[in-house]
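Here the structure comes first, spelled out in structure tokens, and everything after it is commentary.
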Amino acid sequence: MTSLYASLENGRPYVLSILRIIVALLFLEHGLQKYFGFPSAGPPMTSLLYVQGAIEIVGGILLLVGAYTRVVAFILAGDMAAAYFMAHFPLSFFPALNGGDAAVLFCFVFFYLFFAGGGSWSVDRAALKLS
């Protein structure tokens, strides 16, 4: 049983990188939807959504490559917390009812990445010698 845990432990930094990349792509998609209507048309744009879209695109790209992962993840976690409480929470207490489940998940995954770093496959690890 110990060898199983040792094998899983060896893969941890790589799985962390995969998690970061997938979450970044999903987050980036929200920004692209707002600005470019890709992959589908986004919501009607307001000045706040233009700012949010820029945060999603820039933050998504930085997170995708793993550049300044901890700082970006901290900012994005706060961004998603604010988005949840501004747009979703007033509709209902329950995320499944107010449509805020994605915002909650993004918030806590970004919060985890703030503590865990970008993993083995990141610019932080390669260029800045950070994890």
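Table for the structure above
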{"quantity": "Ala41 vs. criteria open to solvent by less than 40 Å² (accessible area, probe 1.4 Å) and free of Cβ contacts under 8 Å to residues at least 60 places away in the same chain", "calculated": "no"}
{"quantity": "Which listed residue is part of a helix (DSSP H, G or I) and surrounded by 15 or more Cβ atoms within 10 Å (Cβ to Cβ), from Leu48, Leu113, Leu105, Leu97", "calculated": "Leu113"}
{"quantity": "Evaluation of Pro90 against (1) assigned to a loop (DSSP other than H, G, I, E, B); (2) free of Cβ contacts under 8 Å to residues at least 40 places away in the same chain; (3) closer than 23 Å to Arg12 by Cα; (4) of a type outside the set (A, V, I, L, M, F, W, C) (one fails), failing number", "calculated": "(3)"}
{"quantity": "Residue selected from the range 116-131 under the condition hydrophobic (A, V, I, L, M, F, W, C) and open to solvent by 40 Å² or more (accessible area, probe 1.4 Å), by the criterion modelled with the lowest pLDDT", "calculated": "Leu130"}
{"quantity": "Some residue of the range 78-87 being out of contact with any His (no Cβ under 9 Å at 6 or more places or on another chain), crowded, with 19+ Cβ neighbours inside 10 Å and farther than 19 Å from Phe115 by Cα", "calculated": "yes"}
{"quantity": "Within the range 1-38, considering residues that are over 26 Å from Trp121 (Cβ atoms) and exposed (fewer than 15 other Cβ atoms within 10 Å of the Cβ), the one modelled with the highest pLDDT", "calculated": "Phe36"}
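The values are calculated or read from the model by the stated rules, or taken from the named source; none is laboratory data. All of these numbers come straight from a predicted model, not from anything done at the bench. When we count neighbours, we look across all protein chains shown, and the Cβ atoms used for this are built from the backbone with ideal geometry, even at glycine. Accessible surface is based on the protein model in full, side chains and every heavy atom, while ligands, DNA and RNA are left aside. Shrake-Rupley method; radii C 1.70, N 1.55, O 1.52, S 1.80 Å.
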